[in-house]
Amino acid sequence: MISLDKTILENNSNSQKRMIEQAKLLDELHIIINTPKWYTNKQLWINTFLYPSNSLIKLNFFLDSYNLCKKIVLNNDFKVNNTVITTQDPFETWLIWYFLKRKFWFWLNIQDHWNFFENKYWKKETIINFLKYYIWLFILKKSDSIRVVSKSEKEYLEKIINRKIISVPLYTDIIKVNNIEKNNNVFNILILARFVKEKNIIFWLKVFIKIVNNFDNINLILIWKWNEKNKIINYIKKNKLEDKIFLKDWTNDIEKEYKNADLFLMTSNYEWWWRTIVESAYYGVPVIMTNTWCAWDFLINNYNWIVIWINKEKELENAIIKMYKNKRFRDKCIENGYKQLKKLPNKQKTLELYKKSWYLALVK
């Protein structure tokens, strides 16, 4: 397995626990992890081995991972008929494993977390994305099995490539939270996002200016990290929204924010996976989301929340006002959100589907 998640190397991290759970399905699990210098190899569990790449720069990760895998293969008695190499987004990990597949002729399982084929915004964003599109399509066709996270993506891929594809929603380990008391004097809208172009934050802020002019008790909570920070701050100051929009540093402990929220908002041009949407349902927070491919497996428009078209300001404004004014509709969305949660596979079923996706790569 190849991974970009350095927290796999952190003792007792959630990522480590997930890897051990997956390793229990296998004879052995070897994981190459993209890291900077000064990490050491370690045995995570009885059959689970971690190999940091110790790459000087990101570009080195390609060659470092390739060479690491060659060493692992030479030091272990792997058989071609029972060895699968598996990787997930983004594109560089697919590329590494494609060349490894060509060298060792192991079976290739790809985890694809979003449908880049149908999203015009992503493809047109940069020339690099345009090139990635065709590289991804090529590697998908060379894979032996594909694991996706939604039925809609599975159905789409089945139309364009002849490969064994299985849909496995990402498991979210949260217990349903009941009877959360809200502050009836304030209507809090929550956004959890990296401040990057595809999250389309400015689109939302334009709408929010119109909203606050008519409704005094609506606030926006932005939990943010990374790019475009200054752009967002300057926009807020320019429009004198400091007392209505509250910026908070990114945190992995967001339970309090969900409990205080009356509405969750996602205005992205495209999304990789909607973990925050599932989390919102667990915490009883209704959602307004743009019409990205990942919406439709879990979301039913005007049933458990509202779907809007990308960059349609009036549509977003009307959706927020409806959520704000119509508590009965809001409560119905929350109730139906819980019903949708029950349809998702539990942890054991999810692990069984993971195993099936690897096995599909072996079976011809």
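The values are calculated or read from the model by the stated rules, or taken from the named source; none is laboratory data. Just so you know, these numbers come straight off a predicted model, no measurement behind them. Counting neighbours? That spans all protein chains shown, and the Cβs are built from the backbone with ideal geometry, glycine included.
Test S55 against the stated conditions and say whether it is small (G, A, S), within 30 Å of L131 (Cβ to Cβ), in the same structural domain as W107 (by TED's automatic domain parsing) and touching a Pro at 6+ places or on another chain (Cβ under 9 Å). Full working, then the answer.
Working: small (G, A, S): yes; within 30 Å of L131 (Cβ to Cβ): yes; in the same structural domain as W107 (by TED's automatic domain parsing): yes; touching a Pro at 6+ places or on another chain (Cβ under 9 Å): yes.
The answer is yes for S55.
Filter the stretch 170-224 down to residues that are part of a helix (DSSP H, G or I) and of a type in the set (S, T, N, Q) and give me whichever is surrounded by the most Cβ atoms within 10 Å (Cβ to Cβ).
Residues of the stretch 170-224 part of a helix (DSSP H, G or I): 197-199, 201-214.
Those still in the list that are of a type in the set (S, T, N, Q) too: 213-214.
Working: N213: 8, N214: 10.
Residue satisfying both the conditions and the ranking: N214.
Does the stretch 97-117 contain at least one residue that is of a type in the set (F, W, Y), modelled with pLDDT of 90 or more and under 27 Å from the mean Cα position of the chain (by Cα)? I'd like the intermediate steps shown before the answer.
Looking only at the stretch 97-117, we keep the residues that are of a type in the set (F, W, Y), and these are 97-99, 104-107, 114, 116-117.
Then drop every residue that is not modelled with pLDDT of 90 or more, which leaves 107.
The next check asks that each one be under 27 Å from the mean Cα position of the chain (by Cα); those that pass are 107.
Scanning the stretch 97-117 turns up at least one residue that is of a type in the set (F, W, Y), modelled with pLDDT of 90 or more and under 27 Å from the mean Cα position of the chain (by Cα).
Listed here are the residues, each with its yes/no results for (1) farther than 29 Å from T126 by Cβ; (2) among the polar types (S, T, N, Q).
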position	(1), (2)
T290	no, yes
I310	no, no
Y324	yes, no
D331	yes, no
S357	yes, yes
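Pull out all pairs, ordered by first then second residue, where Cβ-Cβ is under 7 Å, the residues are six or more apart or on different chains, the first lies in the stretch 338-364 and is in contact (Cβ under 8 Å) with a residue 60 or more places away in the chain, and the second is part of a helix (DSSP H, G or I).
Y338/A281; L341/A281; L341/Y282; P345/L353; L351/E21; L351/Q22; Y354/Q22; L362/N82
So is K349 out of contact with any helix residue (DSSP H, G or I) (no Cβ under 8 Å at 6 or more places or on another chain), of a type in the set (K, R) and surrounded by fewer than 22 Cβ atoms within 10 Å (Cβ to Cβ) or not? Can you show your working first?
On the way: out of contact with any helix residue (DSSP H, G or I) (no Cβ under 8 Å at 6 or more places or on another chain): yes; of a type in the set (K, R): yes; surrounded by fewer than 22 Cβ atoms within 10 Å (Cβ to Cβ): yes.
Yes, satisfied.
Could you list, in sequence order, the residues of the stretch 299-315 that are in contact with a helix residue (DSSP H, G or I) (Cβ under 6 Å, 6 or more places away or on another chain) and among the acidic types (D, E)?
Scanning the stretch 299-315 gives a single hit, E313.
Within the stretch 127-154, restricting attention to residues that are within 21 Å of the chain's Cα centre (by Cα) and not in a helix (DSSP H, G or I), which residue is farthest from L299 (Cα to Cα)?
The extreme case among them is S145.
Is it the case that some residue within the stretch 81-93 is in contact with a Ser or Thr (Cβ under 6 Å, 6 or more places away or on another chain), under 27 Å from D173 (Cα atoms) and at pLDDT below 80? Please lay out each step first, then the result.
Here is the first cut: in the stretch 81-93, the ones in contact with a Ser or Thr (Cβ under 6 Å, 6 or more places away or on another chain) are 87, 93.
From what is left, the residues that are under 27 Å from D173 (Cα atoms) are 87, 93.
Restricting the remaining residues to those that are at pLDDT below 80 gives 93.
Yes; the residues of the stretch 81-93 include at least one that is in contact with a Ser or Thr (Cβ under 6 Å, 6 or more places away or on another chain), under 27 Å from D173 (Cα atoms) and at pLDDT below 80.
Quick check on the stretch 238-264: of everything there that is part of a helix (DSSP H, G or I) and surrounded by 12 or more Cβ atoms within 10 Å (Cβ to Cβ), which residue is farthest from the chain's Cα centre (by Cα)? Spell out the reasoning first.
If we filter the stretch 238-264 for residues that are part of a helix (DSSP H, G or I), which is where we start, we get 238, 255-260.
Cutting the leftovers down to surrounded by 12 or more Cβ atoms within 10 Å (Cβ to Cβ) gives us 255, 257-260.
Values: E255: 18, E257: 19, Y258: 18, K259: 21, N260: 23 Å.
Residue satisfying both the conditions and the ranking: N260.
Looking at the stretch 155-165, can you tell me whether even one residue there is touching a helix residue (DSSP H, G or I) at 6+ places or on another chain (Cβ under 8 Å), outside the structural domain of L299 (by TED's automatic domain parsing) and in a strand (DSSP E or B)?
yes
Residues in the stretch 157-166: is at least one closer than 25 Å to I334 by Cα, aliphatic (A, V, I, L, M) and touching a residue at least 60 places away in the same chain (Cβ under 8 Å)? Full working, then the answer.
The initial filter retains those residues of the stretch 157-166 that are closer than 25 Å to I334 by Cα, namely none.
Among the residues of the stretch 157-166, not one is closer than 25 Å to I334 by Cα, aliphatic (A, V, I, L, M) and touching a residue at least 60 places away in the same chain (Cβ under 8 Å), which makes the answer no.
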